[in-house]
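Working notes for the structure below.
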C-alpha cells in the first residue's frame, strides 16, 4: 500500500515561526455567490447587488466576507486541523480588503504559539493565517488555535510559547474598504431603516427567523470552501454515526438570519473572537440573536462600526451561559465581530 | 429587547393605492441558471443555450421566466405575505421583456384591493406587483391576492374595494419578446418535433416523469429567490413539524416536468391564474399533466401561443376536481398560463 | 390523451450505422463549476484556478473532464437508455480537447453494434458517442453499450454485429491538450509532492476519506447533466422505493476522493473501461482506492500518463472480486482510465 495520502500534521510536526503555504488556489465567482444565496437566507444588499455596492463607493458587489473567511480557512484544514481534537478559538481577525468575483484566494499560516498539554498526548497550536488574492494582496488575517493530537506520545515537548492576543480588535485598527461611503445609503433597498445611531450598547435583538438544517446543505457549503475534515462528510467517522456540522456553516447561517434586525450591518471587518459552544447536527432548528457590545466611529464618510455578539442557538434568545459560567447546551455559537453600518 | 426586526404588515396596515417598494435588489447570473438546472429537471433549449436563443432572434439565452417570477415575488414576501394566512390567487400576469444574466431585479407592489373578512380577524389584500430591471424597465407584472391577519381585531375595516380582474389575459395583450422569430426553429436541438399546429384545444398530455422532493432542494430553491416566509425553513413553525414547500417550487418543478410533451412551449408570457390546491411536503413524488385550453396566433414570425393548464399532482394524471367541485386531495397546483410555441 | 411524450427507443428501433443527434445544447459555465465544488470534494488545482492552469500552458482552467463526460452522456439518455435494462460497459473513451467555461456542448451517437439476446425480449446496443462544442470541434468520444428492451417481442432480430473494441486505449493514442506543459508544475499549490516517477505499476492507494451520500445531492448532480432517467428521481419507479444513484455521480465522487494520494493526476484523458458493479443508494458511505495499472510517457513537456484503476466501494479498500471472479457486493465502481501527471 502506498504512503501517498496525507495523514495530516501532528502536534510535534509544528515549529514556532514556521510558515505553511496551503494548497489549491480557489477562485470565487458569481456561481459561488448564487450557491451562497441558495444555502443561506442571505439578503444583505451590498453582497447582492452591484448597483447598491457602487452607490456605496465600491467598484462592485464584493464576495461575502464570510465566504472569504471560509475559503481561506478551508485551505488550512489539511495542514492545521486534520488531526485536531478541538477548534479552540479565534482572535485578531481583520478583513483587509474586499475580494471581488474572479479573485483566486490562497492561504498561508505562521505558527505563532505552541503549548503541550499536561497529559502529553496533545498540544495547542496557534497560527496566524493570511488570505491573499491572486495579486498577493492580503485580504484577511486571523489567529486561530486548535488542540492537535501527538503522533508519538514520547516526542519531546516544544518550548511553550503562548501568543499575546488582543481580546478585541481596537476600533482604530479596523480597515474600512477604500472608497466606502454610506452618505448616500439606500435604506429602502437595503430593507430596514435602522442607522448606527439607532443602536445602543447593550441592546439585544432577537432575529426571529429559524432554519432547520439538512445534511445535504451543510455538506455542500463545507465542500464549497474545500474544507475536507472528514467528520463533516463521513457518517462512520464518529461513534454516534452523526456528521458534525462545520462551525463555519453555523456562523454563516447565524449571520444570514441576523438580517432581520441588522440588515444594515453590511460588512464584517473584524472577528474579535468566537466559540463553537456546542456541536451542531442536521435536524437542528437554528435561531440567532445579537447584542450590541460597543460602538465606534470611522474615518469613512457616513460609516460607523458596531461591535456585535452574534449567538446561534437551538433554544431561546438571550440565554447564553449557566450559573457555572459555561455555555448552555442549546448554544451553538458565540461570535464577537465588528460590522460597518450607515450612520 | 430591540424592536428592530420586521413583524410584517397586518391587514390594517395596507392603504388602497399605496405603492410599496420592496427591498434588496438581486442580480440573476449564470450561477443562478446552473442552480436552476440542478434543482429542476429543466431542459428548455431556449433557456439553456445562447446559440439556440440567438437562432430564435434573441440576443442571448434569457433568465428562465419562472426564475424572474420567483425573484420578483420573493422580494414581496416581507411586505405582503409575512402574516398571510393563505395565498389566494394570481391574475393578469404578463412577462413584459426577457431578463438576461446580469439583470438586477427590483419589485414594487401597488395595493389595488382590500376587503375585510366578515369575522373581523383578517382580510384580503390585492396587489399588482411590477418587477423591473436595473434600468427601470418593467419585465413582469402580475396581480396576487392574499388573506392577511389583523394585528388588532378592533381596527376599523377599510372601505371594501375588489378589483375587476380579467379571468384570462387576452391573446392580443401577450407581449412577444422583441425580435423573437421561430421560423428557423431547430426542432432537433429542442428535443421534440411537435409544433403549435400539432396541439389541439382539449388535448391532455401526461408528462410521465416524476420527482420525489427533498427538504434540502426546496429550501435551496426558495432561498435562491430570497423568499423568507418561515414556514418553508423552520420545522418548528407548524404544529405538525413539517416544512411547507413554497408553491413556486411546485410551479417550477411542474414546468420542468412538462418538457416531456411540451418541449417547444419555450417561453411563458402570461399567468392567467393559479391555485395552490393542496400543501406539498418533502417526500412527495410529484407528477405533472397539461391541457391545451386555447390557441392563438401572434404577430411574431413563426410564433404561436398555447394557453395551457399545468397541473402538479401526487396522484394520477387528468384528475382535478371531485364531484363537489373541489380539488382532489392529490392535486397540488392548477396553473393557467400562455406559452409561445413554434408554428 | 396525447402521444407527444417521449417513450424512448426500444431495441428494434436502432439501425446499424444510424447517427442520432441528441437534444438540448447545454453551456457549461462558472456556475456549473461552483456546483461541482459543492457536490463533490473536488480539489484538483488545474480545475480550480485559472492561474494554475495558465502556469501549465492552458489558456484558462478547463471544465472538469467528468463534467464534460456527464454533460455529453446526459444528452444521450432520452435516445439511448430510457428503456435500458442495464448499462453494460464503456470503451475507447478519449477526451479530444479541453472545454472551457462558456462552451455549449452537443452530442451525437452512432449505432456501431447490435445483438439481440437469446430470450428475444431485449438486445444489446453499442453506440459511439461524440461530444462537440459550439464550434463543432469534438471534445470527447466514447463507446458505451446498453441492454435495451424490445417494444414488440415479435419484432425480427437485426443482423448481429459486435464491434471490435480496444481493451485499453493505447498510450500513443492519448490526446494531450495542446500547449500542456508540466515543467513548471507548482506542486505546493497542487497539494501533494508526488510525481509520475514516484508511482509504481501495481501500487495501490487508499484514498482514506469517505462521503455519506444524500438524496438531494445525487439528484442535483444528475439534473445538472440533464440526465432524465426516472429511476434517479422518482422513488416510486422501483419496487423497493429507492432511488438508484446515477453511476456517473459515483464516478465523480470517487474521482474527487482520489485527490488524497493522486492530487497530481490532473487530467483524465482516456476511459478504457468501467463497470458499475453494484447499485448505489442514498445513505451509503462511499470510499475510494486506486491501483496503478500502467505508466507511459507523452510528447508533451513534463507530462507523463498513469493508467489507473479507480474503485468506489462501501467496504474495505483493495478488495474487488470474490473467488468466483464476480465483484464483491460492496464494490460500486471499477473504472479504468488514463490520467496526466507531472513527471
Next item on the list: Could you pull out the residue among C:171, C:216, C:200, C:221 that is touching a helix residue (DSSP H, G or I) at 6+ places or on another chain (Cβ under 6 Å) and closer than 25 Å to residue C:273 by Cα?
Entry: C:221
Check: Does residue C:249 satisfy being within 14 Å of chain B (Cβ to nearest Cβ), surrounded by 24 or more Cβ atoms within 10 Å (Cβ to Cβ) and farther than 25 Å from residue A:4 by Cβ?
Finding: yes
Item checked: Residues (over 19 Å from the mean Cα position of the chain (by Cα) and part of a helix (DSSP H, G or I)) located in segment C:20-37 -> C:30, C:31, C:34
Next item on the list: Give just the number: which of (1) over 18 Å from the mean Cα position of the chain (by Cα); (2) surrounded by fewer than 24 Cβ atoms within 10 Å (Cβ to Cβ); (3) at negative phi does residue B:47 not satisfy?
Entry: (1)
Check: Any residue in segment A:3-17 that is closer than 23 Å to residue A:176 by Cβ and in contact (Cβ under 8 Å) with a residue 60 or more places away in the chain?
Finding: no
Note to self: Checking the conditions here, which among B:34, B:42, B:23 is closer than 26 Å to residue C:234 by Cβ and touching a residue at least 12 places away in the same chain (Cβ under 8 Å)?
What the structure shows: B:42
Next item on the list: Go through segment A:190-221 residue by residue and tally those that are touching a residue at least 24 places away in the same chain (Cβ under 8 Å), within 24 Å of residue B:39 (Cβ to Cβ) and either at the interface with another protein chain (Cβ under 9 Å from one of its Cβ atoms) or in a loop (DSSP other than H, G, I, E, B) (or both).
Entry: 11
Check: Counting only residues that are more than 22 Å from residue C:38 (Cβ to Cβ) and more than 7 Å from every other protein chain (Cβ to nearest Cβ), which one in segment C:222-234 is modelled with the highest pLDDT?
Finding: C:231
Notebook entry, point to check: Restricting attention to segment A:240-262, which residues are part of a loop (DSSP other than H, G, I, E, B) and over 23 Å from residue A:93 (Cβ atoms)?
Noted result: A:240, A:241, A:242, A:243
Notebook entry, point to check: Among B:9, B:33, B:43, B:26, which is the only one that is within 9 Å of another protein chain (Cβ to nearest Cβ) and within 30 Å of residue A:292 (Cα to Cα)?
Noted result: B:26
Check: Of the residues in segment B:286-306, how many are buried (at least 18 other Cβ atoms within 10 Å of the Cβ) and either out of contact with any helix residue (DSSP H, G or I) (no Cβ under 8 Å at 6 or more places or on another chain) or at pLDDT below 95 (or both)?
Finding: 6
Check: Among the residues of segment A:92-99, is any in contact with a helix residue (DSSP H, G or I) (Cβ under 6 Å, 6 or more places away or on another chain), under 21 Å from residue A:333 (Cα atoms) and not in a helix (DSSP H, G or I)?
Finding: yes
Next item on the list: Can you confirm whether segment C:77-91 contains a residue that is part of a loop (DSSP other than H, G, I, E, B) and either away from chain A (no Cβ under 14 Å) or farther than 30 Å from residue C:152 by Cβ (or both)?
Entry: yes
Notebook entry, point to check: So which pairs qualify, if the first residue must be in segment C:127-143 and more than 14 Å from chain B (Cβ to nearest Cβ) and under 21 Å from residue C:78 (Cβ atoms), the second must be at pLDDT below 95 and part of a strand (DSSP E or B), the Cβ gap must be under 8 Å, and the two must be at least 6 apart or on different chains?
Noted result: C:131/C:105; C:131/C:106; C:139/C:105
Item checked: Unmet requirement for residue B:237, which otherwise passes all of (1) in contact (Cβ under 8 Å) with a residue 40 or more places away in the chain; (2) within 12 Å of chain A (Cβ to nearest Cβ); (3) under 19 Å from residue B:86 (Cα atoms) -> (1)
Note to self: Residues to consider are C:237, C:265, C:288, C:282; find the one that is closer than 23 Å to residue C:139 by Cα and either in a loop (DSSP other than H, G, I, E, B) or touching a strand residue (DSSP E or B) at 6+ places or on another chain (Cβ under 9 Å) (or both).
What the structure shows: C:265
Next item on the list: Would you please name the residue that is farthest from the other protein chains (Cβ to nearest Cβ), looking only at residues in segment A:46-68 that are touching a helix residue (DSSP H, G or I) at 6+ places or on another chain (Cβ under 7 Å) and in a helix (DSSP H, G or I)?
Entry: A:66
Margin query: Looking at residue A:38 and the list (1) within 11 Å of chain C (Cβ to nearest Cβ); (2) surrounded by fewer than 21 Cβ atoms within 10 Å (Cβ to Cβ), which single condition is not satisfied?
Written below: (2)
Notebook entry, point to check: If residue A:105 passes every condition in (1) assigned to a strand (DSSP E or B); (2) at pLDDT below 95; (3) away from chain C (no Cβ under 11 Å) but one, which one does it miss?
Noted result: (3)
Notebook entry, point to check: What are the residues in segment A:291-343 that are away from chain B (no Cβ under 14 Å), in a loop (DSSP other than H, G, I, E, B) and in contact (Cβ under 8 Å) with a residue 12 or more places away in the chain, if any?
Noted result: A:298, A:299, A:300, A:301, A:302, A:320, A:328, A:329, A:343
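The values are calculated or read from the model by the stated rules, or taken from the named source; none is laboratory data. Predicted, not measured: the structure shown is a model, and the values here were computed from it. We place every Cβ from the backbone using ideal geometry, glycine too, and count neighbours over all the protein chains shown.
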